[in-house]
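Working notes, structure below.
The values are calculated or read from the model by the stated rules, or taken from the named source; none is laboratory data. What you see is a predicted model, and the numbers here were worked out from it, not measured in a lab. Backbone-built Cβ (ideal geometry, glycine too); neighbour counts: all protein chains shown.
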Ligand SMILES: [Zn+2]
């Protein structure tokens, strides 16, 4: 039932004039109860229906933030699971239903979800639609070499930038449901303190590799923020987006670079097909140098739920451990990466 303050109030006045004071008092009681709930009718309706605030997110790394900050106050639905490439992802009919039923939608922005822009724009009239990247100052963003005038969307690889995304989620949730302000605040503080520890861990691990050997070659250009924050030179076979596949010229050029710089290991990514990097490895071998596939990194999607890599923190730890072990030749598990499905 929709309770409307104005119509309720008007009807109360009419009744008192025509009938008697008892009905007026009854109305006044309902009116007072309504005021005591202290919420605006639209928000209250959504909360009563679901008991929890329904939030829909795009990539797993954002789902992880929202789950950590919101705790049990929210029902969180993540659209993109393990192995899903957000550059190419188009919402399914089920996703569209979920998006329509959400109170809040969080997405990365900076054109990461490039096939979803129109849908999100349409929904922004009725639902709170928030890009977690929106409060990062542009001077802290890296420019996209591929798309003029745009920024690199892979901000989660610089943990300090990702902390700003956490703060944006926190502020949005507090704005939506101020009653849970204390819970959201405490959850955010806990999560950010874990992220600061993670940041220090990545720095410590990176420092094990001499600066001139810190070269990271991956399937696509997702790791520029990582390189920038932790002192790695980064080369991706494909561009920043995976929309167009790498060509033969890209494979040759990268193979020459690897052979010339004697780079010991290159890395596949969970959300990009393996075949392109296997072509690079073959091309390097044809130049008389051997390069190992150093393992699988999680770039634009996290690992399976229930595994350590199924969380943002676990994913970042997995990536840095894999990179450092392979570059130092410590425990390279050759060809242990997941084969293309
Ligand atoms: Zn990407």
Please verify whether the range 137-158 includes one or more residues that are away from the ligand (no atom under 16 Å from the Cβ) and closer than 20 Å to residue 60 by Cβ.
no
Identity of the residue in the range 168-187, crowded, with 17+ Cβ neighbours inside 10 Å and without any contact (Cβ under 8 Å) to a residue 40 or more places away in the chain, that ends up farthest from the ligand (Cβ to nearest atom):
174
Inside the range 84-100, can you point out the residues that are part of a helix (DSSP H, G or I) and either surrounded by fewer than 13 Cβ atoms within 10 Å (Cβ to Cβ) or in contact (Cβ under 8 Å) with a residue 40 or more places away in the chain (or both)?
93, 94, 97, 98, 99
How about the range 274-291: which of its residues are surrounded by fewer than 16 Cβ atoms within 10 Å (Cβ to Cβ) and touching a residue at least 40 places away in the same chain (Cβ under 8 Å)?
275
Does the range 202-211 include one or more residues that are under 23 Å from residue 322 (Cα atoms), part of a helix (DSSP H, G or I) and at pLDDT below 95?
yes
Identify, please: which residue in the range 212-232 is part of a strand (DSSP E or B) and under 23 Å from the mean Cα position of the chain (by Cα) and is, among those, nearest to the ligand (Cβ to nearest atom)?
220
Counting only residues in the range 274-292 that are closer than 19 Å to residue 248 by Cα, in contact with a strand residue (DSSP E or B) (Cβ under 8 Å, 6 or more places away or on another chain) and not in a helix (DSSP H, G or I), the one nearest to the ligand (Cβ to nearest atom) is identified as 274
Which residues, taken from the range 174-201, are part of a helix (DSSP H, G or I) and touching a strand residue (DSSP E or B) at 6+ places or on another chain (Cβ under 8 Å)?
176
Exactly one condition in (1) more than 16 Å from the ligand (Cβ to nearest atom); (2) part of a loop (DSSP other than H, G, I, E, B); (3) within 11 Å of residue 58 (Cα to Cα) is not met by residue 105; state its number.
(2)
Taking the stated definitions as given, is residue 141 modelled with pLDDT of 95 or more, surrounded by 14 or more Cβ atoms within 10 Å (Cβ to Cβ) and closer than 18 Å to residue 225 by Cβ?
yes
Among the numbered criteria (1) closer than 21 Å to residue 202 by Cα; (2) crowded, with 22+ Cβ neighbours inside 10 Å; (3) within 22 Å of the chain's Cα centre (by Cα), which single criterion is violated by residue 271?
(1)
Selection status of residue 301, modelled with pLDDT of 95 or more, within 13 Å of the ligand (Cβ to nearest atom) and assigned to a loop (DSSP other than H, G, I, E, B):
yes
Considering only the range 201-217, I want to know if a residue exists there that is free of Cβ contacts under 8 Å to residues at least 40 places away in the same chain and under 14 Å from residue 156 (Cα atoms).
no
Those residues of the range 108-122 which are more than 16 Å from the ligand (Cβ to nearest atom) and more than 17 Å from residue 78 (Cα to Cα), in sequence order
118, 121, 122
Test: residue 75 is in contact with a strand residue (DSSP E or B) (Cβ under 9 Å, 6 or more places away or on another chain), within 16 Å of the ligand (Cβ to nearest atom) and in the same structural domain as residue 141 (by TED's automatic domain parsing):
no
Hey, does the range 235-245 have a residue that's without any contact (Cβ under 8 Å) to a residue 12 or more places away in the chain and in contact with a strand residue (DSSP E or B) (Cβ under 8 Å, 6 or more places away or on another chain)?
yes
